[in-house]
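Notes follow the structure.
We did not get these values from a lab; they are worked out from the coordinates using the rules stated. All figures in this text were calculated on a predicted structure; none of them were measured in a lab. Using ideal geometry, Cβ is built from the backbone for each residue, glycine included, and neighbour counts are taken over all protein chains shown.
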Amino acid sequence: QVQLVESGGGLVQPGGSLRLSCTASGRIFSINAMGWYRQAPGKQRDLVAVSRSGGSTNYADSVRGRFTISRDNAKNTVYLQMNSLKPEDTAVYYCNAVMKSYMGSAYSDYWGQGTQVTISS
């Protein structure tokens, strides 16, 4: 069984910073990509940033230049450094990983439980 455990959410004022962390544990053979999605009330879940094996990254236009995604492959951990936060960044942030549990398996999507990020004065 694979688990993704997130931490680092909270309440911060506009212009502030937060750092989210997500660690994958359990039976893991290979991780292809790890990333972050977010879902605001009444809206769909959207990609925020993704880091793929090989080092490539992608960001949503709304966060590019403010957020930075990074990975520690030895720890199966992905981070999201969020700077210059805006009220519109308020959402539940979900960690996602595309992984396979053993050599012969296919890659599957795994999700964390979500962490609330609230930007408000």
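Spin-label model, MET103/SER84: points 7 Å from Cα along the beta carbon direction are separated by 4.8 nm.
For the chain, rounded, prolate or oblate, judged on the Cα gyration tensor with a ≥ b ≥ c (square roots of eigenvalues), a/c < 1.5 rounded, else prolate if a/b > b/c?
Numbers: a/c = 2.10, a/b = 1.88, b/c = 1.12.
The shape class here is prolate.
Entry note, the chain: relative contact order of 37 percent, from Cα contacts under 8 Å with a spacing of 6+ residues. Under 20 Å of direct C-alpha separation, and excluding same-chain neighbours fewer than eight residues apart, LYS43 reaches these aspartates and glutamates: ASP61, GLU88, ASP89.
Quote the FRET efficiency, to the nearest 0.05, computed for LYS75 versus GLN44 with a Förster distance R0 of 25 Å and r equal to the Cβ-Cβ distance.
0.25
For the chain, a Gaussian network of Cα nodes joined below 10 Å ranks LEU20, LEU80, LEU11 by mean-square fluctuation, and the top entry is LEU11.
Once fully extended, how much extra length lies between VAL5 and SER62, figured as 0.36 nm per residue of separation less the alpha-carbon to alpha-carbon distance?
18.0 nm
Site-free segments of the chain were taken between chymotrypsin sites (Phe, Trp or Tyr not before Pro) in DSSP loops having at most 12 other Cβ atoms within 10 Å, sites themselves excluded; the longest one is 30-101. Of the trypsin sites (Lys or Arg not before Pro) found in the range 1-70, the ones in coil according to DSSP and having at most 16 other Cβ atoms within 10 Å of their Cβ are ARG27, LYS43, ARG45, ARG66. Quick one: net charge of ILE28's neighbours, Cβ under 13 Å, K/R +1, D/E -1? Result for the neighbourhood of ILE28: +3.
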